[in-house]
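Below is one structure, written out as structure tokens; comments come after it.
The values are calculated or read from the model by the stated rules, or taken from the named source; none is laboratory data. Given the structure is predicted, the values throughout are model-derived calculations rather than measurements. Every residue, glycine among them, receives a Cβ derived from its backbone with ideal geometry; neighbour counts consider all protein chains shown. Protein only, heavy atoms only, side chains kept; ligands, DNA and RNA dropped before computing areas. Shrake-Rupley method; radii C 1.70, N 1.55, O 1.52, S 1.80 Å.
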Amino acid sequence: MRIAALTTVAAFALAAAACNNEAGNDVSTDVNLAEDTAANDVLGANVTGNAAMPTDSAGFANAVAAADLYELESARLAADKASNADVKSLAKHIRADHEKSTSELKSAAGTANISVAPKLDAEKQGMLDQLKTTARGADFDRLYVEQQKTAHQKALALLQGYSSGGDNEALKAFATKTSAAVKSHLDHANSIKL
């Protein structure tokens with residue numbers, strides 16, 4: 001009972017301190033909010049709605065090409081910098097499957113007369129830059145797995161969205177087929193305990 005009372009008092013004290021909004025705290029709060037927003041942008045957590053999920057064939061093909069390129073480049077980094085065997089295994093599967101999906105995407109896009117030119121967007125480039133500057137070993141492993149979870153959640157949403165509402169049958173079939181591999185990568189990343 002005494003511990004519960006102390007915990008309650010401590011919680012009230014923290015709440016009261018948080019509510020004390022002096023003029024000097026506004027800048028700190030704004031700076032922290034800006035830093036949080038920037039970090040979330042790099043991880044893709046600030047994307048809302050379907051703004052990043054094109055349903056037109058060219059937009060979809062280029063979005064998937066960018067996702068595949070990020071996956072291939074990050075898997076190459078993980079092969080070199082990761083220390084955990086499960087992380088290395090995940091990277092190996094991701095690299096093999098995304099090399100295959102890149103080829104299949106180009107084929108499906110070709111039937112729609114769409115030229116696919118993989119190019120990283122700012123978000124994915126930022127994620128790769130984080131991986132490049134993170135030391136080898138456990139820190140790299142944690143960052144890589146967290147990025148894979150985020151990237152694969154977004155890729156799965158992109159593929160499923162196009163599969164159900166896309167404008168090209170060959171690309172819709174590609175999206176449906178590729179969703180299974182992406183879901184497998186997401187499940188694998190979620191199963192890794194670091």
Exercise for the section: Restricting things to alpha carbons, find the Rg to Rh ratio for the range 44-194 using the Kirkwood radius for Rh. Expected result: 0.97
Handout entry: HN-Hα J in Hz across the range 62-72 - Karplus 6.51, -1.76, 1.60, θ = phi - 60°, x for Gly and Pro
Key = 6, 5, 5, 4, 5, 5, 4, 4, 4, 4, 5
Fill in the blank from the handout: The answer for the range 71-159, accessible area per residue at 1.4 Å probe in Å², is 48 Å²
Handout entry: For peptides 115-126, 160-171, sequence by mean Cβ density within 10 Å, most packed first
Key = 160-171, 115-126
Handout entry: Calculated FRET efficiency for the pair Ser191/Lys132, C-beta based, R₀ 22 Å, to 0.05
Key = 0.30
Completion exercise
Per the Cα gyration tensor, the range 80-156 corresponds to an equivalent ellipsoid with semi-axes, largest first in Å, of 27, 15, 10
Problem - Nearest-0.05 FRET efficiency for Asp56 and Ala79, computed from C-beta distance (R0 45 Å) - result: 0.85
Problem - Added length on full extension, which subtracts the Cα-Cα distance from 0.36 nm per residue, Ala117 to Gln160 - result: 13.3 nm
Completion exercise
Sorting Arg95, Arg136 on solvent-accessible surface, 1.4 Å probe, most exposed first, gives Arg136, Arg95
Fill in the blank from the handout: Simple spin-label estimate for Ala173/Leu72, 7 Å along Cα→Cβ, in nm, reads 2.3 nm
Fill in the blank from the handout: Placing each pseudo-label 7 Å from Cα in the direction of the beta carbon, Ser184 and Glu99 end up separated by a distance in nanometres of 1.5 nm
Handout entry: Protein accessible area in the range 112-167, 1.4 Å probe - carbon and sulfur %
Key = 48 percent
Practice task
Could you please state, rounded to a whole Å, how far the C-alpha centre of the range 80-96 is from the C-alpha centre of the range 178-194?
Solution key: 12 Å
Exercise for the section: Just read off the accessible area of Lys88 with the full protein assembly in place, 1.4 Å probe, to the nearest 10 Å². Expected result: 80 Å²
